[in-house]
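So the structure is just underneath, and the comments pick up after that.
The values are calculated or read from the model by the stated rules, or taken from the named source; none is laboratory data. Values in this document were obtained by computation on a predicted structure and should not be read as measured data. Note: ideal-geometry Cβ built from the backbone for every residue, glycine included; neighbour counts use all protein chains shown. The protein model used for the area step is the full one, side chains on, heavy atoms only, and it has no ligands, DNA or RNA in it. Shrake-Rupley method; radii C 1.70, N 1.55, O 1.52, S 1.80 Å.
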Amino acid sequence: LDLGCNCSTIGDDGLKSLAETCTSLRSIKMQNVSHFGFSLFAENCPLLESLTANDCKGVGDLTLINLGNRCRNLRKLDVRGCKGVSDQGVVGMCTPGAPHPYDPNPTPELPANLVFPGESLKA
């Protein structure tokens with residue numbers, strides 16, 4: 001599903017209808033979507049393999065953690081221009097059941113097989 005260059009003309013109600021109706025989506029491209037709009041696809045489209053969401057001001061670490069917990073088939077993610085995304089969100093997205101990124105008492109147990117780009121899995 002390619003929603004074009006700018007989704008600012010499609011509100012959260014429209015995105016909700018799309019996400020709830022098109023639950024078998026495997027690829028989505030969108031821009032300028034809110035955290036709520038982005039999360040709708042994570043909640044309703046568990047088969048997602050590719051997601052491009054550029055310049056989404058409300059998208060941050062918690063959004064990525066939600067995506068990682070729900071879309072286990074995700075292989076490609078492009079969140080360029082999403083200024084609320086940090087390393088903590090990316091690691092959390094790759095860690096099933098990750099805690100809230102701002103938990104004052106986090107207990108992040110990263111899986112032994114977690115591999116970051118540019119690294120290799122060591123036996």
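Checking the condition in contact with a Ser or Thr (Cβ under 7 Å, 6 or more places away or on another chain) and open to solvent by 30 Å² or more (accessible area, probe 1.4 Å), which residue from R75, R70, R80 passes?
Matching residue, one of R75, R70, R80: R75.
Which condition does K29 not pass, out of (1) in contact with an Asp or Glu (Cβ under 9 Å, 6 or more places away or on another chain); (2) surrounded by fewer than 16 Cβ atoms within 10 Å (Cβ to Cβ); (3) not acidic (D, E), if it passes all the others?
Condition not satisfied by K29: (2).
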